[in-house]
Amino acid sequence: MTSLRWLDFDYSEGNDDTGTFDALASVLMPQAAQVEAEITQVLAWAEATFPGRRGPPHEGGEWDADWQLVHEADDGGARAVFALSISGSMAFCEAFRAHVGAMDL
């Protein structure tokens with residue numbers, strides 16, 4: 001099990017035997033590299049655990065991910081807003097829950 005500091009996932013299930021984990025992180029710029037490292041860690045785990053099986057489910061993939069970064073400015077200073085969506089088969093979702101210690105998702 002890995003410990004995540006910045007990413008807090010919500011889970012939803014599709015009607016096609018897939019699930020999706022979504023996380024948002026909005027941080028001040030000095031913490032942006034830490035969030036990006038955590039995203040990289042999650043994606044590296046997925047690739048190592050389900051090697052060569054990344055791709056959309058309708059194309060035979062076991063898992064897929066998308067992440068975005070937006071820069072914003074407010075009274076507190078410049079912020080980095082990260083959005084990560086990682087989806088996969090039920091087997092992938094079970095393994096992901098166990099990996100991040102989120103059995104309640």
Legend entry - Principal-axis tilt of helix 32-49 within the chain, Cα atoms, nearest 10 degrees: 10
Inset, instruction - Please name which of SER26, GLY60, ALA80 has its Cα lying farthest along the dipole of segment 19-87 towards the positive end, using unit charges on Cβ (Lys, Arg +1; Asp, Glu -1) and the Cα centre as origin. - result: GLY60
Inset, instruction - Calculate how steeply helix 90-100 sits against the longest principal axis of the alpha-carbon atoms of the chain, using the helix alpha-carbon long axis, and give the answer as 0 to 90 degrees to the nearest 10. - result: 40
Inset, instruction - Divide by every residue of the chain the summed helix terms, -39500 (n - 2.57) for each DSSP H run of at least 4, and state the resulting mean residue ellipticity at 222 nm, rounded to the nearest 500 deg cm²/dmol. - result: -9000 deg cm²/dmol
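FYI, it's all coordinate maths here, none of it is from the lab. All figures in this text were calculated on a predicted structure; none of them were measured in a lab. All Cβ positions, glycine included, derive from the backbone under ideal geometry; neighbour counts span all protein chains shown.
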